[in-house]
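The values are calculated or read from the model by the stated rules, or taken from the named source; none is laboratory data. Small disclaimer: the values here were computed from a predicted structure and weren't measured. Every residue, glycine as well, gets a Cβ built from its backbone with ideal geometry; the counts of neighbours run over all protein chains shown. Protein only, heavy atoms only, side chains kept; ligands, DNA and RNA dropped before computing areas. Shrake-Rupley method; radii C 1.70, N 1.55, O 1.52, S 1.80 Å.
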Amino acid sequence: MRNFFKASILGAAILTLSGCGFMSIKGDLDPKAMDVYGEMYDKFVESGGDLGAATVWHMEVDEGLTKDDIKMSIESAAVGTGLMNVGEMPLSKQLELETGEEQRYLMIYQYCSPQIARLAVNFSPYFSAYLPCRIAVVEDDEGRYHLYGLNMDMFVHGGREMPEEFKKEAMHVRDTMYKMMEAGASGGF
(Lines give C-alpha, C1' and ligand atoms only; values in the text may rest on other atoms or scores of the structure.)
Protein backbone atom coordinates (compact mmCIF):
# COMPACT_ATOMS: atom_id res chain seq x y z
CA MET A 1 0.00 0.00 0.00
CA ARG A 2 2.88 2.37 0.86
CA ASN A 3 4.45 1.87 -2.58
CA PHE A 4 1.10 2.46 -4.26
CA PHE A 5 0.65 5.67 -2.25
CA LYS A 6 4.19 6.79 -3.04
CA ALA A 7 3.75 6.00 -6.74
CA SER A 8 0.45 7.88 -6.76
CA ILE A 9 2.04 10.95 -5.20
CA LEU A 10 5.03 10.75 -7.54
CA GLY A 11 2.74 10.28 -10.52
CA ALA A 12 0.57 13.20 -9.45
CA ALA A 13 3.66 15.37 -9.00
CA ILE A 14 4.95 14.46 -12.44
CA LEU A 15 1.57 15.14 -14.03
CA THR A 16 1.28 18.43 -12.16
CA LEU A 17 4.75 19.54 -13.18
CA SER A 18 4.52 18.43 -16.78
CA GLY A 19 0.83 18.42 -17.51
CA CYS A 20 -0.38 15.67 -19.77
CA GLY A 21 2.95 15.68 -21.58
CA PHE A 22 4.17 12.87 -19.33
CA MET A 23 1.49 10.57 -20.64
CA SER A 24 2.76 11.08 -24.19
CA ILE A 25 6.22 9.66 -23.30
CA LYS A 26 5.29 7.08 -20.66
CA GLY A 27 5.33 4.22 -23.17
CA ASP A 28 8.85 5.13 -24.31
CA LEU A 29 10.37 4.98 -20.80
CA ASP A 30 12.51 2.17 -19.44
CA PRO A 31 10.26 -0.25 -17.53
CA LYS A 32 12.20 0.50 -14.32
CA ALA A 33 12.07 4.29 -14.65
CA MET A 34 9.28 4.85 -12.15
CA ASP A 35 10.99 2.54 -9.62
CA VAL A 36 14.20 4.56 -9.95
CA TYR A 37 12.36 7.83 -9.40
CA GLY A 38 10.39 6.34 -6.50
CA GLU A 39 13.65 5.40 -4.76
CA MET A 40 15.05 8.85 -5.45
CA TYR A 41 11.94 10.40 -3.97
CA ASP A 42 12.26 8.26 -0.81
CA LYS A 43 15.90 9.25 -0.36
CA PHE A 44 15.06 12.89 -1.04
CA VAL A 45 12.42 12.89 1.71
CA GLU A 46 14.51 10.83 4.17
CA SER A 47 17.41 13.26 3.76
CA GLY A 48 15.28 16.31 4.41
CA GLY A 49 15.41 17.49 0.81
CA ASP A 50 19.07 16.84 -0.04
CA LEU A 51 19.21 16.37 -3.82
CA GLY A 52 22.69 14.84 -3.55
CA ALA A 53 21.46 12.13 -1.16
CA ALA A 54 18.68 11.34 -3.62
CA THR A 55 20.91 10.96 -6.69
CA VAL A 56 24.20 9.59 -5.36
CA TRP A 57 25.49 6.26 -4.06
CA HIS A 58 27.25 6.50 -0.69
CA MET A 59 29.46 3.92 1.01
CA GLU A 60 31.33 4.29 4.26
CA VAL A 61 34.88 2.95 4.07
CA ASP A 62 35.80 0.19 6.50
CA GLU A 63 37.67 1.45 9.53
CA GLY A 64 41.43 1.14 9.29
CA LEU A 65 41.67 1.50 5.53
CA THR A 66 43.94 4.28 4.33
CA LYS A 67 43.46 6.57 1.37
CA ASP A 68 46.15 4.54 -0.43
CA ASP A 69 44.21 1.32 0.28
CA ILE A 70 41.09 2.94 -1.19
CA LYS A 71 42.93 4.03 -4.33
CA MET A 72 44.55 0.62 -4.85
CA SER A 73 41.21 -1.14 -4.35
CA ILE A 74 39.38 1.08 -6.84
CA GLU A 75 42.18 0.64 -9.38
CA SER A 76 42.26 -3.13 -8.88
CA ALA A 77 38.51 -3.43 -9.37
CA ALA A 78 38.78 -1.52 -12.67
CA VAL A 79 41.40 -3.84 -14.18
CA GLY A 80 40.06 -5.72 -17.20
CA THR A 81 36.70 -3.91 -17.25
CA GLY A 82 37.42 -1.51 -20.10
CA LEU A 83 37.03 1.48 -17.78
CA MET A 84 40.28 3.35 -17.37
CA ASN A 85 41.49 6.02 -15.02
CA VAL A 86 41.28 9.23 -17.04
CA GLY A 87 42.14 11.63 -14.26
CA GLU A 88 42.43 12.38 -10.59
CA MET A 89 41.53 15.59 -8.85
CA PRO A 90 43.42 15.95 -5.54
CA LEU A 91 41.18 18.76 -4.30
CA SER A 92 42.33 18.74 -0.68
CA LYS A 93 45.95 18.98 -1.79
CA GLN A 94 45.09 21.90 -4.09
CA LEU A 95 43.21 23.65 -1.28
CA GLU A 96 46.22 23.22 1.01
CA LEU A 97 48.40 24.88 -1.62
CA GLU A 98 45.94 27.73 -2.01
CA THR A 99 45.22 28.33 1.69
CA GLY A 100 48.35 27.09 3.44
CA GLU A 101 46.05 25.19 5.82
CA GLU A 102 45.69 21.44 6.28
CA GLN A 103 42.48 20.09 4.73
CA ARG A 104 40.37 16.99 5.24
CA TYR A 105 41.01 14.53 2.40
CA LEU A 106 38.98 15.14 -0.77
CA MET A 107 39.90 13.23 -3.93
CA ILE A 108 37.95 12.60 -7.12
CA TYR A 109 38.84 9.59 -9.28
CA GLN A 110 37.57 9.69 -12.87
CA TYR A 111 36.99 6.62 -15.05
CA CYS A 112 35.76 6.24 -18.60
CA SER A 113 35.49 3.98 -21.62
CA PRO A 114 35.73 6.20 -24.71
CA GLN A 115 33.73 3.70 -26.78
CA ILE A 116 30.86 3.55 -24.29
CA ALA A 117 31.04 7.33 -23.79
CA ARG A 118 30.51 7.75 -27.54
CA LEU A 119 27.47 5.43 -27.43
CA ALA A 120 26.06 7.45 -24.52
CA VAL A 121 26.51 10.79 -26.27
CA ASN A 122 25.09 9.38 -29.51
CA PHE A 123 22.01 8.30 -27.54
CA SER A 124 21.71 11.70 -25.84
CA PRO A 125 24.25 14.53 -26.01
CA TYR A 126 23.11 15.52 -22.51
CA PHE A 127 24.92 12.46 -21.17
CA SER A 128 28.19 14.23 -21.99
CA ALA A 129 27.70 16.27 -18.80
CA TYR A 130 27.93 13.03 -16.77
CA LEU A 131 31.30 12.10 -18.27
CA PRO A 132 33.62 10.80 -17.00
CA CYS A 133 32.24 8.60 -14.22
CA ARG A 134 33.56 9.69 -10.83
CA ILE A 135 34.19 8.29 -7.38
CA ALA A 136 34.77 10.87 -4.66
CA VAL A 137 36.69 10.02 -1.49
CA VAL A 138 35.66 12.36 1.31
CA GLU A 139 37.11 12.46 4.82
CA ASP A 140 34.59 13.44 7.49
CA ASP A 141 35.20 15.44 10.68
CA GLU A 142 36.07 12.24 12.60
CA GLY A 143 38.69 11.16 10.06
CA ARG A 144 36.53 8.44 8.47
CA TYR A 145 36.46 8.06 4.71
CA HIS A 146 33.30 7.91 2.59
CA LEU A 147 32.82 7.15 -1.10
CA TYR A 148 30.30 8.95 -3.29
CA GLY A 149 29.36 8.29 -6.90
CA LEU A 150 26.46 9.15 -9.16
CA ASN A 151 23.61 6.67 -8.81
CA MET A 152 23.90 5.16 -12.26
CA ASP A 153 20.50 3.49 -12.08
CA MET A 154 19.23 6.88 -13.29
CA PHE A 155 21.61 6.64 -16.26
CA VAL A 156 20.47 3.14 -17.23
CA HIS A 157 16.78 3.16 -16.27
CA GLY A 158 15.77 6.78 -15.66
CA GLY A 159 14.63 7.79 -19.12
CA ARG A 160 13.53 6.50 -22.45
CA GLU A 161 14.32 2.89 -23.30
CA MET A 162 17.85 2.42 -24.66
CA PRO A 163 18.73 0.28 -27.68
CA GLU A 164 19.73 -3.16 -26.38
CA GLU A 165 23.41 -2.88 -27.44
CA PHE A 166 23.83 0.43 -25.63
CA LYS A 167 21.84 -0.71 -22.59
CA LYS A 168 24.16 -3.71 -22.18
CA GLU A 169 27.19 -1.40 -22.19
CA ALA A 170 25.48 1.10 -19.87
CA MET A 171 24.73 -1.73 -17.40
CA HIS A 172 28.38 -2.79 -17.61
CA VAL A 173 29.50 0.71 -16.64
CA ARG A 174 26.89 0.89 -13.87
CA ASP A 175 27.88 -2.49 -12.42
CA THR A 176 31.61 -1.79 -12.73
CA MET A 177 31.40 1.58 -10.97
CA TYR A 178 29.38 0.04 -8.15
CA LYS A 179 31.90 -2.81 -7.77
CA MET A 180 34.76 -0.29 -7.77
CA MET A 181 33.06 1.59 -4.94
CA GLU A 182 32.44 -1.63 -3.02
CA ALA A 183 36.11 -2.57 -3.41
CA GLY A 184 37.24 0.87 -2.29
CA ALA A 185 34.98 0.74 0.75
CA SER A 186 36.08 -2.73 1.84
CA GLY A 187 39.71 -2.83 0.78
CA GLY A 188 39.05 -5.41 -1.90
CA PHE A 189 42.35 -5.41 -3.74
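Quick notes on this one:
- Average silhouette area of segment 76-189, convex hull of alpha-carbon atoms, in square nanometres: 8.2 nm²
- Between Gly159 and Asp30, the built amide H atoms are under 5 Å apart, and every one of these is 5 or more places off in sequence or on another chain.
- The stretch between Glu88 and Thr66, if pulled fully straight at 0.36 nm per residue, gains 6.2 nm over its current Cα-Cα span.
- With a cut-off of 20 Å on the backbone N, the residues of segment 65-104 near the modelled label site 7 Å out from Phe127 along Cα-Cβ are 81-87.
- Put simply, the amide H of Val86, placed in the peptide plane, has neighbours under 5 Å in Gln110, Tyr111, Cys112, leaving out anything fewer than 5 places away on its chain.
- Between Lys168 and Asp50, the simple spin-label model (points 7 angstrom out along Cα→Cβ) gives 3.9 nm.
- Surface composition of the chain: carbon plus sulfur atoms hold 57% of the accessible area, using a 1.4 angstrom probe and ignoring ligands, DNA and RNA.
- The longest stretch of the chain left intact once loop-based GluC sites (Glu not before Pro) with at most 15 other Cβ atoms within 10 Å are removed from consideration, loops following DSSP, is 1-62.
- The residues of the chain have, on average, 59 Å² of accessible surface per residue, using a 1.4 Å probe with all protein chains present.
- Stretching Glu161 away from Glu101 to a fully extended chain increases their span by 16.7 nm, per 0.36 nm per residue minus the current alpha-carbon distance.
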